[in-house]
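Just below is one structure, and these are the notes that go with it.
The values are calculated or read from the model by the stated rules, or taken from the named source; none is laboratory data. What you see is a predicted model; the values in this text were computed from it and never measured. Here the Cβ is made from the backbone with ideal geometry for all residues, glycine too, and neighbour counts use every protein chain on show. Ligands, DNA and RNA are stripped out before the accessible areas are found, and what is left, the full protein with its side chains, is counted by its heavy atoms. Shrake-Rupley method; radii C 1.70, N 1.55, O 1.52, S 1.80 Å.
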Amino acid sequence: MKTAFLSNSRRIYQQVVEKMLVLLDSGEYPPGVRLPSERELSEMFDVSRPSIREAIIALEVMGRVSVRTGSGVYVIEPVNTFTDTKEFSPFELTEARVLVEGEAAALAATMITDDQLEELRNAYRDMVRENEEGNLTSERADRKFHEVISRATNNRVLMSTIAKLWDIQGQSPDIQHVHKSVCKKDGQKRLAEHKAILQALEARDASAARRAMRLHFSRSLNALHDASEAKAVEVVRREISERRKRFSIDRLGESAGL
């Protein structure tokens, strides 16, 4: 069965990758199964065989398939190298996103297509709508916004890395707490930051895009520092309170029977 028409808004192989990921994640092609031949996939997706080859390479880089010479392409179990998110601090994750997504935005500014810019505008409009509805902590439109930028780099390694950084964030309670507190604190500020990124990409200004993306994450870093300091202060206060109880004159008097 042919898939729906694949628009020319993005490179064809990227669209094939997205379609294949849906099939893999749905279990239609479970781990261990050999994928249809290159010719069959070409007919299935109504694209050229070179596009299928590029898509297979991308899926292999993402760790979703294994190419066995002379045998075929096999689906493999996704390997999550970040299963234990406790080994990463919120500061490390945010720092990584500053560095990776800042440079990704700069690269995307030089390569983004008009259709991808429209996708980005739509994601921003969704964020505005969520904000108006009071849904300030939703990550759906936010992640879509950043995902469009990662695709616009046309770099599969960057796409995969950014996706994994988002996955780590989703699995980290500390990061989630800070993210929600930042979003709740000033929804308009969050929108302004994303609008600045959008405008830099619309202008295809790499330096401005990098700067806007880094400024966006600076607020999260500041919130992490504030949360960390507040937590440390609370720990010290608790320790002092316990020490006061332990070494109070009243308690010593009770122990002595006074």
Where q = 0.21, 0.31 Å⁻¹, what log10 of I(q)/I(0) comes from the Debye formula for the stretch 101-154, counting one point per Cα? -0.72, -1.12
Dimensions of the stretch 7-74 along principal axes (Cα, Å, largest first)? 32, 25, 21
How far apart, in nanometres, would the label points at Leu23 and Ala203 be if each is projected 7 angstrom from Cα along the Cα-to-Cβ direction? 4.4 nm
How big is the Kirkwood radius of the stretch 22-152, worked out from every pair of different alpha carbons and given in Å to one decimal? 17.9 Å
Amide hydrogen neighbours beyond the local backbone of Ile76, cut-off 5 Å, H modeled: Gly32, Val65, Ser66
Heavy-atom SASA rank of Ile52, Ile76 (probe 1.4 Å, accessible area, largest first): Ile76, Ile52
Expected unfolding gain across Asn154-Glu40 under the 0.36 nm per residue rule, minus the alpha-carbon gap, is 38.5 nm
Ignoring ligands, DNA and RNA, how do Glu132, Glu92, Glu202, Glu101 rank by accessible area with a 1.4 Å probe, largest first? Glu132, Glu92, Glu202, Glu101
For Tyr74 and Arg121, what is the calculated FRET efficiency with R₀ set at 41 Å and r taken between the beta-carbons, to the nearest 0.05? 0.55
Could you sort the peptides 65-74, 164-173 by per-residue average Cβ neighbour count (10 Å cutoff), highest mean leading? 164-173, 65-74
Just to make sure I understand: if all protein chains stay in place, what is the order of His177, His216, His194 by accessible area at 1.4 Å, largest first? His177, His216, His194
